[in-house]
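Q: Can you read through this structure? Questions will come right after.
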Amino acid sequence: MSKPIYVLSGPNLNLLGVREPHIYGKDTLDDVRAACERRAQTLGRSIVFRQSNHEGVLIDWIQEARTGASALVINPAAYGHTSIALLDALKAADIPVVECHLSNPAARETFRHHTYVSLAATGLVSGFGLASYELAVEAAARLSA
């Protein structure tokens, strides 16, 4: 069996369904996890699904994914706009990386138009709510087949 796909979510995503539902939707992080697990299962794959509000923890998981994962899906949330450390960890990962966002950052505030993560990502899925994660898992599975 192939290595799992890591699905990592950054700060404040634990508040999905409560925080700004007009932007991020009413689905919870548990709903996102269940959808990712279903999509992975239909593709004959498994996932490791994690969320942290702490940049260093996310970096540790990215480094773990270097050898433990076949690919990585990451919604860096606000860290995407600020974290060169995440960029450096992703560049060292040497596995396919799919950046994922529930909303479309390009259609939002100017400071959200640039993400450091995009500089290391193989591809980007954004703007489709919970489906962004499902599509990102599918892309990661195809990239690591």
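The values are calculated or read from the model by the stated rules, or taken from the named source; none is laboratory data. What you see is a predicted model; the values in this text were computed from it and never measured. Neighbour counts are summed over all protein chains in view; Cβ atoms, including those assigned to glycine, are modelled from backbone coordinates with ideal geometry.
Q: Name the single residue, out of those in the stretch 75-97 being in a loop (DSSP other than H, G, I, E, B) and within 15 Å of the chain's Cα centre (by Cα), that is farthest from G25 (Cα to Cα). Talk me through it step by step, then tell me what you get.
A: Filtering the stretch 75-97 for residues in a loop (DSSP other than H, G, I, E, B) gives 76, 82-83, 94-96.
In the following step, the residues that additionally are within 15 Å of the chain's Cα centre (by Cα) were identified as 76, 83, 95-96.
Values: P76: 17, S83: 25, I95: 30, P96: 27 Å.
My answer is I95.
Q: So G44 fits all but one of (1) outside any helix (DSSP H, G or I); (2) buried (at least 18 other Cβ atoms within 10 Å of the Cβ); (3) among the small types (G, A, S); what number is the exception?
A: Only one criterion is unmet by G44, namely (2).
Q: For C36, which of the numbered conditions (1) in contact with an Asp or Glu (Cβ under 8 Å, 6 or more places away or on another chain); (2) farther than 21 Å from G123 by Cα fails to hold?
A: C36 satisfies every listed condition except (2).
Q: Which one of these does L72 not meet: (1) surrounded by fewer than 22 Cβ atoms within 10 Å (Cβ to Cβ); (2) assigned to a strand (DSSP E or B)?
A: (1)
Q: Next question, about the same structure. Which numbered condition trips up S126, out of (1) in contact with a strand residue (DSSP E or B) (Cβ under 6 Å, 6 or more places away or on another chain); (2) polar (S, T, N, Q); (3) closer than 17 Å to Y6 by Cβ?
A: Answer for S126: the failing condition is (3).
Q: So, one more: Of the numbered conditions (1) at pLDDT below 90; (2) in a strand (DSSP E or B), T115 fails exactly one; give the number of that condition.
A: Only one criterion is unmet by T115, namely (2).
Q: Follow-up. Filter the stretch 4-16 for residues that are touching a strand residue (DSSP E or B) at 6+ places or on another chain (Cβ under 9 Å) and in a helix (DSSP H, G or I); which is surrounded by the fewest Cβ atoms within 10 Å (Cβ to Cβ)?
A: N14
Q: Checking D60 against (1) under 27 Å from T82 (Cβ atoms); (2) in contact with a Ser or Thr (Cβ under 7 Å, 6 or more places away or on another chain): exactly one of these is not met. Which one?
A: (2)
Q: Looking at this structure, is C100 in contact with a Phe, Trp or Tyr (Cβ under 7 Å, 6 or more places away or on another chain), within 15 Å of S9 (Cβ to Cβ) and assigned to a helix (DSSP H, G or I)? Walk me through how you get there before you give the answer.
A: Numbers: in contact with a Phe, Trp or Tyr (Cβ under 7 Å, 6 or more places away or on another chain): yes; within 15 Å of S9 (Cβ to Cβ): yes; assigned to a helix (DSSP H, G or I): no.
The answer is no for C100.
Q: Only one of these conditions is not met by L102: (1) closer than 16 Å to R142 by Cα; (2) surrounded by 20 or more Cβ atoms within 10 Å (Cβ to Cβ). Which number is it?
A: So the condition that L102 fails would be (1).
Here's the yes/no breakdown for (1) in a helix (DSSP H, G or I); (2) surrounded by fewer than 15 Cβ atoms within 10 Å (Cβ to Cβ); (3) without any contact (Cβ under 8 Å) to a residue 60 or more places away in the chain; (4) within 15 Å of the chain's Cα centre (by Cα):
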site: S2; (1), (2), (3), (4): no, yes, no, no
site: V18; (1), (2), (3), (4): no, yes, yes, no
site: K26; (1), (2), (3), (4): no, yes, yes, no
site: V32; (1), (2), (3), (4): yes, no, no, yes
site: A35; (1), (2), (3), (4): yes, no, no, yes
site: R39; (1), (2), (3), (4): yes, no, no, yes
site: F49; (1), (2), (3), (4): no, no, yes, yes
site: T67; (1), (2), (3), (4): yes, yes, yes, no
